[in-house]
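The values are calculated or read from the model by the stated rules, or taken from the named source; none is laboratory data. None of these values were measured; they are calculated from a predicted model. Cβ: placed from backbone, ideal geometry, glycine included. Neighbour counts: every protein chain shown. These accessible areas exclude ligands, DNA and RNA; they are computed on the full protein's heavy atoms, side chains included. Shrake-Rupley method; radii C 1.70, N 1.55, O 1.52, S 1.80 Å.
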Amino acid sequence: MNTPAERSIDKIIVDIAKSVGGVREPFTSTTLRTLHAEKNYTQMVNEIKNHLRLDMRLRLGLVNSAPGKQPAWIGLPAAMPPYGTQAFRNLELTMYVRKTFLAQAPFEAVVLMFAHELTHIVLDAVGSSHHRNEKAVDLATMVLGYVKYFENGHVF
């Protein structure tokens, strides 16, 4: 029998899968590894953004310091336009990433960090109530195809 915590996690996963159109196949890209080796982080983000079918504009800001200990964050609008609308496509957001994180983190952790931050946008744009819950965003990142990066034992 599942514990209350396990039932809660199961419910979140079901809610997320419904809101994003189901569980996606694991994402693999040899291009990402090449881009990481080249330190082409902007193109890495674009590759993941395209995989997540996000058609809004996104800037990548590399920073020396950040609030708290987080390696990255994304500024979300107070009211996210719905996914698929012209207002969403016209949206321009910035993802901020600590330079020290990028310099030290292994490939898988960098991919997870980018995918996690972009998943905040996905969940907010589809109206999910989980878009600001960090653990739920991690679960959603898995649902969206990035589970193998977690399985490899890398977290950020």
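In the set Asn64, Asn90, Asn2, Asn50, which member is closer than 13 Å to Phe114 by Cα and of a type in the set (S, T, N, Q)? Residue meeting the stated conditions: Asn50. Of everything in segment 105-129 that is open to solvent by 30 Å² or more (accessible area, probe 1.4 Å) and farther than 20 Å from Pro71 by Cα, the residue that is nearest to the chain's Cα centre (by Cα) is Val126. Here is the figure for segment 1-59: residues that are among the β-branched types (Val, Ile, Thr) and more than 24 Å from Val110 (Cα to Cα) total 4.
Does segment 15-44 hold any residues that are within 15 Å of Gly145 (Cα to Cα) and either open to solvent by less than 80 Å² (accessible area, probe 1.4 Å) or in contact with a Leu (Cβ under 6 Å, 6 or more places away or on another chain) (or both), and which are they? Matches in segment 15-44: Ile16, Ala17, Ser19, Val20, Gly21, Gly22, Arg24, Pro26, Phe27, Ser29, Leu32.
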